[in-house]
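Asks: Below: one structure in structure tokens.
Each value in this text was obtained by applying a stated rule to the coordinates, not by laboratory testing. Please read these numbers as outputs of a predicted model, since none were measured by experiment. With ideal geometry, Cβ positions are generated from the backbone for all residues, glycine too; neighbour counts draw on all protein chains shown.
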């Protein structure tokens, strides 16, 4: 029997197992334990949550390998970690630690202003952010086995997450309704690889699992993204910047399961303590936005 | 024994939809002409002929089964209905996963979680599934995906190993009308395991 590891189907397969779940940003093993107990389907190990990266400024890099290793030791669920856009050596180091997914993330300071990592070269799968279908399919073309719409990380404002998800789903609907002879020009317009666009047209959805991220702070936010059509959610600052992280994490997990059941959502949303304060994106200067990073 | 498609028309099979790859199972069942339902609350078990517990994270699903009072109703359902667990679902059906977590403890099997290692050790392979048929003929191999997969490290009582790797490690087992696979037939287009499960209903 011949075993084949790290094929694209195997990489994509793990993301399929994460669907209907919540992936939580954690900065310590203690956070990771809280996240696992609350029912997270995976954790994202990083040095500072996006809200703190915004506040502190400076260059945001890959986390200390020691911290990532400790988190891997602490939990039995998959562990993800972030590398800077284009920083393939950070990705090599993270892969070496045994993480299950690498996030080539705009939340960290980009290491390359022109190019992303060629992700097919790695054994470990990658997740990447997108604001629209063209960006998503460029990342998949480079080897990403999972996509997350970017939203605006560290704000607690869901408006950009909604905008990016609606943009992607709207483009897919347009693609499905256009005659096949218009697809190549559409590929040119949105900068997407033609073959992946044809595959998306055939499937009626993105060819890999698509989560939402960036600004989800409440169970209602999570259920909103699910009802819009994403496969699951990432919650970053929304949990550990809230008044009662364990309770909020637990509620967001339940809300993703019962996303289309308002009666359950009403029950789940009760008495969760303070949500993260958040930043209103409409009052945010353009240069402070992270979502524009990615080429 | 595998049966022709049309015998599945009258069945209604639930897929536990707390978290994980439940949509993939529903697609496979629909191909076979079976009526399906997503199960998130105990009352949704009422009119089902069988249940599939999909792949996903067993700790997440186990916790949500406790939170939504599903553990006991599914145990009772399993006493006289077919249940199939794939990957995380197999862990939840087991008696012991060598770790403290909520389990249904319905099958006389124990499992080792993440037995092959982390994601970089996940793999796909062709499995000999001739044992699914009782005629002794060799059949076309089944293309199986092992994603951070468990192995079934022991079977006891009425449980028996169904499919093993060449090195002897058990990756599918059955115990009466209960079925566990450590791999993911729902990620292939091959409906043979789904048909086999429906033959247990």
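Asks: Give me the extension gain from residue A:260 to residue A:28: residue separation times 0.36 nm, minus the current Cα-Cα distance, reported in nm with one decimal.
Replies: Numbers: separation 232, 0.36 × 232 = 83.52 nm, distance 3.26 nm.
My answer for the length gained is 80.3 nm.
Asks: Over all residues in B:120-133, what is the mean tally of Cβ atoms on other chains that come within 10 Å of each residue's Cβ? Intermediate values should be presented prior to the final figure.
Replies: Numbers: counts 13, 6, 12, 7, 9, 5, 4, 1, 1, 0, 0, 0, 0, 0.
Partner-chain Cβ atoms within 10 Å, mean over residues of B:120-133: 4.
Asks: Shifting gears a bit: When you look at the Cβ of every residue in A:244-257, what mean number of other chain Cβ atoms sits within 10 Å? Walk me through the intermediate numbers first.
Replies: On the way: counts 0, 0, 0, 0, 0, 0, 2, 0, 0, 6, 5, 0, 4, 10.
Across A:244-257, the average partner-chain Cβ count within 10 Å equals 2.
Asks: Here's another thing I want to ask about it. Report the calculated FRET efficiency for residue A:284 and residue A:246 (r = Cβ-Cβ distance, R0 = 30 Å), to the nearest 0.05. Mind showing how you got there, number by number?
Replies: Working: r = 29 Å, r/R0 = 0.98.
For residue A:284 and residue A:246, the calculated efficiency is 0.55.
Asks: Rounded to two decimals, what ratio of Rg to Rh does segment A:185-295 give with C-alpha atoms and a Kirkwood Rh? Please list the in-between numbers first.
Replies: Details: Rg = 17.2 Å, Rh = 16.2 Å.
A ratio of 1.07.
Asks: Peptides B:16-27, A:237-248, B:62-73: what's the order by average Cβ count within 10 Å, highest mean first? Write out the running numbers ahead of the final one.
Replies: Details: B:16-27: 24.5, A:237-248: 21.2, B:62-73: 18.4.
Put in order of decreasing packing, that is B:16-27, A:237-248, B:62-73.
Asks: A further question follows. Based on alpha-carbon centroids, what's the gap between segment A:86-162 and segment B:1-80 in Å, whole number please?
Replies: Each part's Cα centre sits 34 Å from the other's.
Asks: What ranking do A:124-135, A:176-187, A:61-72 get when scored by the average of other Cβ atoms within 10 Å per residue, highest first? Intermediate results must be reported in sequence, preceding the final value.
Replies: Numbers: A:124-135: 24.9, A:176-187: 12.1, A:61-72: 18.0.
Packing proxy ranking, top to bottom: A:124-135, A:61-72, A:176-187.
Asks: What 222 nm value per residue comes from the helices of chain B, counting each DSSP H run with n ≥ 4 as -39,500 (n - 2.57) and dividing by all residues, nearest 500 deg cm²/dmol? Kindly include the intermediate steps, with their values, before the conclusion.
Replies: Values: 5 runs with 45 residues, N = 201.
For chain B, the value works out to -6500 deg cm²/dmol.
Asks: Another one. Within 10 Å, count the other beta carbons around each residue, average over each peptide in B:126-132, A:276-282, and list them highest first. Could the numbers behind the result be given before it?
Replies: Values: B:126-132: 16.7, A:276-282: 15.1.
Ranked from most to least packed, the peptides come out as B:126-132, A:276-282.
Asks: Using alpha-carbon positions, what is the distance between the centroids of segment B:90-133 and segment A:51-70, in Å?
Replies: Comparing the Cα centres of segment B:90-133 and segment A:51-70, I get a distance of 35 Å.
Asks: Can I ask one more? Label segment B:17-87 by shape, choosing from rounded, prolate and oblate, from the square roots a ≥ b ≥ c of the eigenvalues of the Cα gyration tensor; if a/c is under 1.5 it is rounded, and otherwise prolate applies when a/b is larger than b/c, oblate when it is not.
Replies: Oblate, because a/c is 1.5 or more while a/b does not exceed b/c.
Asks: Dividing the convex hull volume of the Cα atoms of segment A:86-188 by its residue count, what figure in Å³ per residue is obtained?
Replies: Working: hull volume 11.9 nm³, N = 103.
Hull volume normalised by residue count: 116 Å³.
Asks: Normalised radius of gyration for the protein assembly as shown, please: alpha carbon Rg relative to 2.2 N^0.38 Å, two decimal places.
Replies: Details: Rg = 22.1 Å, N = 496, 2.2 N^0.38 = 23.3 Å.
So the protein assembly as shown has a normalised radius of gyration of 0.95.
Asks: Okay, helix-only estimate at 222 nm for chain A: each DSSP H run of n ≥ 4 adds -39500 (n - 2.57), divide by all residues, round to 500 deg cm²/dmol; what do you get?
Replies: Details: 13 runs with 129 residues, N = 295.
Here the helix-only value at 222 nm equals -13000 deg cm²/dmol.
Asks: In nm, to one decimal, how far is the residue B:38 label point from the residue A:228 one, both placed 7 Å along Cα→Cβ?
Replies: For residue B:38 paired with residue A:228, the spin-label model returns 1.8 nm.
Asks: Next up: Averaged across the residues of A:94-103, what count of C-beta atoms belonging to other chains lies within 10 Å of each residue's C-beta? Write out the running numbers ahead of the final one.
Replies: Numbers: counts 0, 2, 1, 1, 5, 3, 7, 1, 0, 0.
Mean partner shielding for this stretch: 2.
Asks: Turning to a different aspect of this structure: Would you mind calculating the gained length between residue A:56 and residue A:271 on full extension (0.36 nm times residue separation, minus the Cα-Cα distance), in nm to one decimal?
Replies: Details: separation 215, 0.36 × 215 = 77.40 nm, distance 3.07 nm.
Contour length minus Cα-Cα distance gives 74.3 nm.
Asks: Would you mind calculating the gained length between residue B:156 and residue B:139 on full extension (0.36 nm times residue separation, minus the Cα-Cα distance), in nm to one decimal?
Replies: Extra length available between residue B:156 and residue B:139 comes to 3.4 nm.
Asks: I need to check one value: relative contact order of chain B, counting alpha carbon pairs closer than 8 Å and at least 6 residues apart, in percent. Numbers along the way, then the final one.
Replies: Working: 446 pairs, mean separation 40.2, N = 201.
The normalised contact order for chain B reaches 20 percent.
Asks: With 10 Å bins from zero, work out the P(r) of chain A over every alpha carbon pair and list the percent per bin.
Replies: Values per bin, smallest distances first: 7, 30, 37, 21, 5, 0.
Asks: Where a ≥ b ≥ c are the square roots of the eigenvalues of the C-alpha gyration tensor, would you call segment B:5-200 rounded, which needs a/c under 1.5, or, failing that, prolate if a/b is larger than b/c, or oblate? Numbers along the way, then the final one.
Replies: Details: a/c = 1.45, a/b = 1.09, b/c = 1.33.
Verdict is rounded for segment B:5-200.
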